[in-house]
1. Among residues belonging to region 39-89 that are among the β-branched types (Val, Ile, Thr) and surrounded by fewer than 18 Cβ atoms within 10 Å (Cβ to Cβ), point out the one that is nearest to Pro20 (Cα to Cα).
2. Filter region 98-120 for residues that are more than 17 Å from Ile41 (Cα to Cα) and either of a type in the set (Phe, Trp, Tyr) or surrounded by 15 or more Cβ atoms within 10 Å (Cβ to Cβ) (or both) and give the result.
3. Among the numbered conditions (1) at pLDDT 95 or above; (2) among the small types (Gly, Ala, Ser); (3) touching a Cys at 6+ places or on another chain (Cβ under 6 Å), tell me where Ala97 comes up short.
4. Filter region 30-69 down to residues that are hydroxyl-bearing (Ser, Thr, Tyr) and under 13 Å from the mean Cα position of the chain (by Cα) and give me whichever is modelled with the lowest pLDDT.
5. Looking only at strands (runs of 3 or more DSSP E) that lie completely in region 23-130, which have at least 1 residues being in contact (Cβ under 8 Å) with a residue 60 or more places away in the chain and not aromatic (Phe, Trp, Tyr)?
Amino acid sequence: MNKRDWLPEKEFKYIYSKVPRLCVDLVIQNENGVVLSKRDIIPDKGKWHLPGGTVLNNESLKEAVERIAKSETGLKTKIVNYVGNIEFLRENPHAHAVSLVYLVKPVSGKLRGSSQAEEIEFFKKIPVNTIKEHSTFLNEYLKGML
């Protein structure tokens, strides 16, 4: 990705205070469970969440999934399927976001956290302290399959 694809913070906050933000979230699943990381940043600092983030300008959804998986988890992944969406209807700081959720399988790499969420692991049971929208989605999507 080129530097020009990232918005400066002030512009990011302004634009996404006016329109919904397009994101991708990843259900990275294997025999060990589903990957969740604990946020070290706001919003939802201290809560478990699915790896995910904003789709950049001129970035395909596949590229966004690959970039986010690598940067947030250290894993190279393969998309298995699109599995649904999560809508975040919140006040600031990130307002309204719509996230497309992909089931992905890890194919290589070593699981590690990121500067946004150092603590990361596979879970067979969704932790109580998980972001509400992610917990609701996982409970509905997985229906006890963990």
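The values are calculated or read from the model by the stated rules, or taken from the named source; none is laboratory data. Since the model is a prediction, treat every value here as computed from it, not as a measurement. Virtual Cβ from ideal backbone geometry, glycine too; neighbours counted across all protein chains shown.
1. Kept after step one, since they are among the β-branched types (Val, Ile, Thr), are these residues of region 39-89: 41-42, 54-55, 65, 68, 73, 77, 79-80, 83, 86.
Now narrow it down to the ones that are surrounded by fewer than 18 Cβ atoms within 10 Å (Cβ to Cβ): 41-42, 79-80, 83.
Numbers: Ile41: 20, Ile42: 18, Ile79: 24, Val80: 26, Val83: 20 Å.
It comes out as Ile42.
2. Filtering region 98-120 for residues more than 17 Å from Ile41 (Cα to Cα) gives 98-111.
The answer is Ser99, Leu100, Val101, Tyr102, Leu103, Val104, Pro106, Leu111.
3. (1)
4. Of all residues in region 30-69, those hydroxyl-bearing (Ser, Thr, Tyr) come to 37, 54, 60.
The next check asks that each one be under 13 Å from the mean Cα position of the chain (by Cα); those that pass are 37, 54.
Values: Ser37: 97, Thr54: 92.
Per the stated criteria, the residue is Thr54.
5. Numbers: elements: 33-38, 52-54, 75-88, 97-109, 120-123.
Because the criterion is at least 1 residues that are in contact (Cβ under 8 Å) with a residue 60 or more places away in the chain and not aromatic (Phe, Trp, Tyr), the strands (runs of 3 or more DSSP E) in region 23-130 that meet it are 33-38, 75-88, 97-109, 120-123.
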